[in-house]
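The values are calculated or read from the model by the stated rules, or taken from the named source; none is laboratory data. Note that the coordinates shown come from a computational prediction; the quantities given were computed from them, not determined experimentally. Every residue, glycine among them, receives a Cβ derived from its backbone with ideal geometry; neighbour counts consider all protein chains shown. Side chains included, ligands, DNA and RNA excluded: accessible areas come from the protein's heavy atoms. Shrake-Rupley method; radii C 1.70, N 1.55, O 1.52, S 1.80 Å.
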Amino acid sequence: MAAEAKSFNRIGVVGGGAWGTALALAALRAGRDTLLWARERAVVESIRRDRENRDYLPGVPLPAELEATSDLADLAGCDALLLVTPAQHLRAACATLAPHLRPGAPAVICAKGIEIDTQALMCEAVEAALPAGTPLAILSGPTFAAEVARGLPTAVTLACRDAGIGTALVEALGSRTFRPYLTDDVVGAQIGGAVKNVLAIACGVVEGRRLGDNARAALITRGLAEITRMALRLGARPETLMGLSGLGDLTLTCSSLQSRNMSLGAALGQGRTLDEVLGERRSVAEGVWTARAVVALAARLGVEVPICAAVDAILNRGASVDDTIQGLLARPFREEAV
């Protein structure tokens, strides 16, 4: 029997960073009882005492209705969970969470990435760690946490193979300012969300090196071709890649220094080192870790991803920014085809 929206009245959010906190606020606005789990006790205490997540989302008031905990066992009563831990730690987090998951409760994956060691998509990593039969969904799309937290209009993709559960999740999480659009293409939603972070670093390098808006537009367009080649090889549908979790997310992340990945790339383009930039940040720029995984997965699939490979070379292989840019510009001319 298809799940009903009323069965998803209590939402648990696993991850107390900026995005997890923003999603908790979105769930509250949709009328759900919401519990936010954070690993750091200081974050939980800040939310309870100051009604603010000072470490990750300062300046955004949090209503008294938002509950916070650092005890995973408290999530056992939740009807659905939003998984918002960093992509490279998601499998381990789910293994720890598994004993506390309510049977049949959907797990909505909100992390964007590909595992470095296994090249697994997030749904594959989560499926391996949670109890068999746990319903899975993907939430992705063009979202800056601060804007979602402030209640500014936002549209996202919610991908779920079970139409009934997907519809129930849309109705449970959706509101006037947070609008999920349903699809069953979980692969397309994941590839778009993961690869765009790598491409955003490339666009940041363009910004930092002052190569111009023409170059950034070219990177976005040719980057979309790389996303499309990978996703189609894995069985995704083209229309998903033209939607919110593909083109929409790519455009946002590659067009604003609000993006952690683009701002990191801009710093690299200005001549700073990766260690310097990462040392200043508490938040995670997923593209740093995903670049290596994307290149490895593309090689396994026999798919060409020159922009992602260039980012990986700068981040992980000691390549200079200028030499890498010149290498991309020296590539042979070709027909404009995906």
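Below, the figures for the structure above:
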read-out: Scan of the stretch 194-220 for residues that are in contact with a strand residue (DSSP E or B) (Cβ under 7 Å, 6 or more places away or on another chain) and among the basic types (Lys, Arg), ordered by number; value: none
read-out: Per-region count, the stretch 272-284, residues in a loop (DSSP other than H, G, I, E, B) and exposed (fewer than 11 other Cβ atoms within 10 Å of the Cβ); value: 3
read-out: Matching residues in the stretch 130-145 - criterion: being crowded, with 16+ Cβ neighbours inside 10 Å and either hydrophobic (A, V, I, L, M, F, W, C) or out of contact with any helix residue (DSSP H, G or I) (no Cβ under 9 Å at 6 or more places or on another chain) (or both); value: Leu130, Leu136, Ala137, Ile138, Leu139, Phe144, Ala145
read-out: Failed item, numbered, when Glu127 is tested on (1) open to solvent by less than 10 Å² (accessible area, probe 1.4 Å); (2) closer than 30 Å to Val195 by Cα; value: (1)
read-out: The stretch 162-183 residues that are charged (D, E, K, R), paired with ones that are open to solvent by 10 Å² or more (accessible area, probe 1.4 Å) and part of a helix (DSSP H, G or I) (beta carbon under 6 Å, 6 or more apart); value: Glu171/Ala5
read-out: Subset of the stretch 146-177 (residues that are surrounded by fewer than 19 Cβ atoms within 10 Å (Cβ to Cβ) and among the small types (Gly, Ala, Ser)); value: Ala146, Gly151, Ala155, Ala163, Gly164, Ser175
read-out: Close pairs (6 angstrom Cβ cut-off, 6 or more residues apart or separate chains): over 22 Å from Gln258 (Cβ atoms) and open to solvent by 70 Å² or more (accessible area, probe 1.4 Å) in the stretch 207-236, in a helix (DSSP H, G or I) and at pLDDT below 95 anywhere; value: none
read-out: Number of the exception - Arg51 against (1) in contact with a strand residue (DSSP E or B) (Cβ under 9 Å, 6 or more places away or on another chain); (2) at pLDDT 95 or above; value: (1)
read-out: Residues that are among the small types (Gly, Ala, Ser) and on the phi < 0 side of the Ramachandran plot, drawn from the stretch 32-74; value: Ala38, Ala42, Ser46, Ala64, Ala68, Ser70, Ala73
read-out: Test result for Gly141, in contact (Cβ under 8 Å) with a residue 40 or more places away in the chain, on the phi > 0 side of the Ramachandran plot and within 15 Å of the chain's Cα centre (by Cα); value: yes
read-out: Where a residue in the stretch 98-120 is closer than 17 Å to Arg292 by Cα and its partner, wherever it lies, is acidic (Asp, Glu) and open to solvent by 10 Å² or more (accessible area, probe 1.4 Å), with Cβ under 6 Å and at least six apart; value: Lys112/Glu286; Gly113/Glu286
read-out: Positions within the stretch 285-314 being outside any helix (DSSP H, G or I) and either at pLDDT 95 or above or open to solvent by 10 Å² or more (accessible area, probe 1.4 Å) (or both), in sequence order; value: Gly302, Val303, Glu304, Val305
read-out: Number of the exception - Thr157 against (1) within 30 Å of Pro63 (Cβ to Cβ); (2) among the β-branched types (Val, Ile, Thr); (3) out of contact with any Leu (no Cβ under 8 Å at 6 or more places or on another chain); value: (3)
read-out: Arg317 vs. criteria among the charged types (D, E, K, R), over 16 Å from Lys196 (Cα atoms) and open to solvent by 90 Å² or more (accessible area, probe 1.4 Å); value: yes
